[in-house]
Amino acid sequence: MSETHQIFLQESAAKTGDLAMQLKLSSAARQYKKSFEEAVTQFSNLETAKRRVAFTRWKALENLDKYLIEFEANFIRSGGKVLWAQDAAEACTEIMAIVNRSANKNIVKAKTLTSEEIGLDEEFAAHSQEWTETDLGQMILQLSGEKPMHMVMPAIHKDKKEVQQLFNEKLGSKVEDDTEALVSYASKVLRTKYMNSGIGITGANFIVADPGAVAFTENEGNVLLAASRTRIHIVIAGIDKVIPTINDLHTFLPVLSTYGTGQKLTAYNTILTGPRKAGETDGPDEMYVVLIDNGRSKVLGEELQRKMLSCIRCGACQYHDPVYSVIGAHPYHSTWMGPPATVVLPYMKGFKSHGFFSDLSTLSAADTEGCPVEIDFNKLLLDNRKKAVDQQSRPGTEKLFYFAWKKAMLKREIIKWASLKPRNFFMNAIFMKSPLGLRKMRPPAKESFNEQWRRRFT
């Protein structure tokens, strides 16, 4: 068992006892379902919309080199700059170089999972560089020192009482235990940060090839402010974010908002084609897009698993995943959390250390049914498990057990060799001794099915 696997089991065991967190996740899932059912009514034919999005993402991935080069050429033509990063270290180096060149190093940062992926916060801390998270959820996590719990709603595990206590403790506020009051206070704090900032860092929902544009969809307006109020705007995006044309957003934006937040459309939808041009009143003087691989090419090289890169990070699958609903996101130690993590992480991090993630599924297909880009998680996971065996990354004891199990299942004489009690003892020892210590097999029947059949019909 790898060290990663041991840590995961330990942290998961702790999370299974966190009833408060599970109740919050369950409540969020119920609220999401209610909102989704209302938002989805905007589609006259939902399946057609999903197929259109899925096909467009497939088309983009099959021609990824073409569309990335097209985006780069068009974006540079509009005055922007494109930086390529092979891994997290290169990305952080490029971003820190931009920060160090800036006269005003005050940074405002909008919610971006990709920055979490490359460890940008840790890089800033290592260089004593201060920054401010401007998304309310991310602001809460920055104050609490936690990582995101969900792709779209990072502080989904925090209630308003916890936020009030956090604001009082960290910011010296005396704000009331009221949602509107908490949001209003956060807005006042952030407004000062925006006015004094020199650098804005955001993610991107989509990288659009044909106009060389970056598209954002949000509800708080913090991405737009980070892009328009700062002199330098840095966009961090994975290479998988690209889509072919601006017309594709007509379908992508409502599908993403419906599946991501249960809205027909988010409050702010922005398309940026580069820095401020002559005659324009706002926007940055410099705009950079940092395109990051960081293991995506490995996934792209797999005939089946590359489908996972079609993911638009809506987080809908997490609401349907029984594993995530119990342990949350933190044990994954990745921005790929829930069902996407089970497919992607073994390739990005290696099967020997992260292959066990592909076992974290009940194969119920509920996550597939909730996916807007039609990712067949079961198919991908079963292939992952086969590859884990082929790559000899499974424990030797496991292989020995399944060898013995196969022999026993093919020979009834072996099954009947022992009585019911020893057989059930064996089943408990092998299958029910969970690392979490939660499962216990029911008492055995006095007779096996075979024995009951023979007694009744022979």
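The values are calculated or read from the model by the stated rules, or taken from the named source; none is laboratory data. Given the structure is predicted, the values throughout are model-derived calculations rather than measurements. Cβ placement follows ideal geometry from the backbone for every residue including glycine, while neighbour counts extend to all protein chains displayed.
Would you confirm whether or not the range 239-262 contains a residue that is β-branched (Val, Ile, Thr) and free of Cβ contacts under 8 Å to residues at least 24 places away in the same chain?
no
Do we find that MET139 is crowded, with 16+ Cβ neighbours inside 10 Å and in contact with a His (Cβ under 6 Å, 6 or more places away or on another chain) in this structure?
no
Filter the range 296-307 down to residues that are assigned to a helix (DSSP H, G or I) and out of contact with any strand residue (DSSP E or B) (no Cβ under 9 Å at 6 or more places or on another chain) and give me whichever is nearest to ALA28 (Cα to Cα).
LYS307
If I filter the range 120-130 for residues that are in contact (Cβ under 8 Å) with a residue 12 or more places away in the chain, assigned to a loop (DSSP other than H, G, I, E, B), within 23 Å of the chain's Cα centre (by Cα) and surrounded by fewer than 16 Cβ atoms within 10 Å (Cβ to Cβ), do I get at least one hit?
Checked the range 120-130: no residue is in contact (Cβ under 8 Å) with a residue 12 or more places away in the chain, assigned to a loop (DSSP other than H, G, I, E, B), within 23 Å of the chain's Cα centre (by Cα) and surrounded by fewer than 16 Cβ atoms within 10 Å (Cβ to Cβ).
Can you tell which of SER78, SER2 is farther than 21 Å from PRO322 by Cβ, in the same structural domain as ARG191 (by TED's automatic domain parsing), touching a residue at least 12 places away in the same chain (Cβ under 8 Å) and of a type in the set (Ser, Thr, Tyr)?
Only one candidate qualifies: SER78.
Yes/no matrix, rows are residues, columns are (1) of a type in the set (D, E, K, R); (2) in the same structural domain as MET151 (by TED's automatic domain parsing):
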position	(1), (2)
PHE8	no, no
ALA13	no, no
LYS24	yes, no
ALA49	no, yes
ALA54	no, yes
TRP58	no, yes
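Can you list the helices (runs of 4 or more DSSP H) lying wholly within the range 308-404 that have 3 or more residues being among the aliphatic types (A, V, I, L, M)?
Ranges flagged: 322-327, 339-349, 377-390.
Of the conditions (1) under 30 Å from LYS105 (Cα atoms); (2) surrounded by fewer than 21 Cβ atoms within 10 Å (Cβ to Cβ); (3) of a type in the set (A, V, I, L, M), LEU304 clears all except one; give me its number.
Result: LEU304 passes all but (1).
Among the residues of the range 444-458, count how many are in a helix (DSSP H, G or I) and either of a type in the set (D, E, K, R) or touching a Leu at 6+ places or on another chain (Cβ under 8 Å) (or both).
Counting residues in the range 444-458 that are in a helix (DSSP H, G or I) and either of a type in the set (D, E, K, R) or touching a Leu at 6+ places or on another chain (Cβ under 8 Å) (or both) gives 4.
For residues in the range 104-119 being among the hydrophobic types (A, V, I, L, M, F, W, C) and outside any helix (DSSP H, G or I), which is nearest to the chain's Cα centre (by Cα)?
Only one residue tops the list, namely ILE118.
All but one of (1) of a type in the set (S, T, N, Q); (2) exposed (fewer than 13 other Cβ atoms within 10 Å of the Cβ); (3) within 29 Å of HIS157 (Cβ to Cβ) hold for SER12; which doesn't?
(2)
Quick check on my filter: what residues within the range 16-32 are surrounded by fewer than 17 Cβ atoms within 10 Å (Cβ to Cβ) and basic (Lys, Arg)?
The one that is surrounded by fewer than 17 Cβ atoms within 10 Å (Cβ to Cβ) and basic (Lys, Arg): ARG30.
From the list PHE351, PHE357, PHE377, pick out the single residue that is under 20 Å from GLU117 (Cα atoms), among the aromatic types (Phe, Trp, Tyr) and either surrounded by fewer than 20 Cβ atoms within 10 Å (Cβ to Cβ) or under 15 Å from the mean Cα position of the chain (by Cα) (or both).
Unique residue meeting the criteria: PHE357.
Looking at the range 60-81, which of its residues are within 13 Å of ILE234 (Cα to Cα) and surrounded by fewer than 19 Cβ atoms within 10 Å (Cβ to Cβ)?
LYS81, the sole residue that qualifies.
Which residues, counting only those in the range 1-35, are among the hydroxyl-bearing types (Ser, Thr, Tyr) and within 16 Å of TYR332 (Cα to Cα)?
Matches in the range 1-35: SER2, THR4, SER12, THR16.
In the range 285-294, is there at least one residue being buried (at least 20 other Cβ atoms within 10 Å of the Cβ), among the charged types (D, E, K, R) and in contact (Cβ under 8 Å) with a residue 40 or more places away in the chain?
no
Residue by residue through the range 100-119, note down the ones that are surrounded by fewer than 20 Cβ atoms within 10 Å (Cβ to Cβ) and more than 17 Å from GLY238 (Cβ to Cβ).
If the condition is that a residue be surrounded by fewer than 20 Cβ atoms within 10 Å (Cβ to Cβ) and more than 17 Å from GLY238 (Cβ to Cβ), then ASN100, ARG101, SER102, ALA103, ASN104, LYS105, ASN106 are the ones that fit.
For (1) touching an Asp or Glu at 6+ places or on another chain (Cβ under 7 Å); (2) touching a residue at least 12 places away in the same chain (Cβ under 8 Å); (3) crowded, with 20+ Cβ neighbours inside 10 Å, each residue gets a yes or a no:
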| position | (1), (2), (3) |
| --- | --- |
| THR179 | no, yes, no |
| SER184 | no, no, no |
| VAL189 | no, yes, no |
| ILE199 | no, yes, yes |
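Name the residue that is modelled with the lowest pLDDT, counting only residues in the range 94-144 that are touching a strand residue (DSSP E or B) at 6+ places or on another chain (Cβ under 8 Å) and among the hydroxyl-bearing types (Ser, Thr, Tyr).
By that ranking, first place goes to THR112.
Might you check whether a residue that is surrounded by 17 or more Cβ atoms within 10 Å (Cβ to Cβ), closer than 22 Å to ASP210 by Cβ and within 21 Å of the chain's Cα centre (by Cα) occurs anywhere in the range 37-54?
Yes, the range 37-54 has at least one match.
Would you check which residues across the range 270-284 are surrounded by fewer than 16 Cβ atoms within 10 Å (Cβ to Cβ) and in a strand (DSSP E or B) and list them?
Within the range 270-284, just ILE271 meets the criteria.
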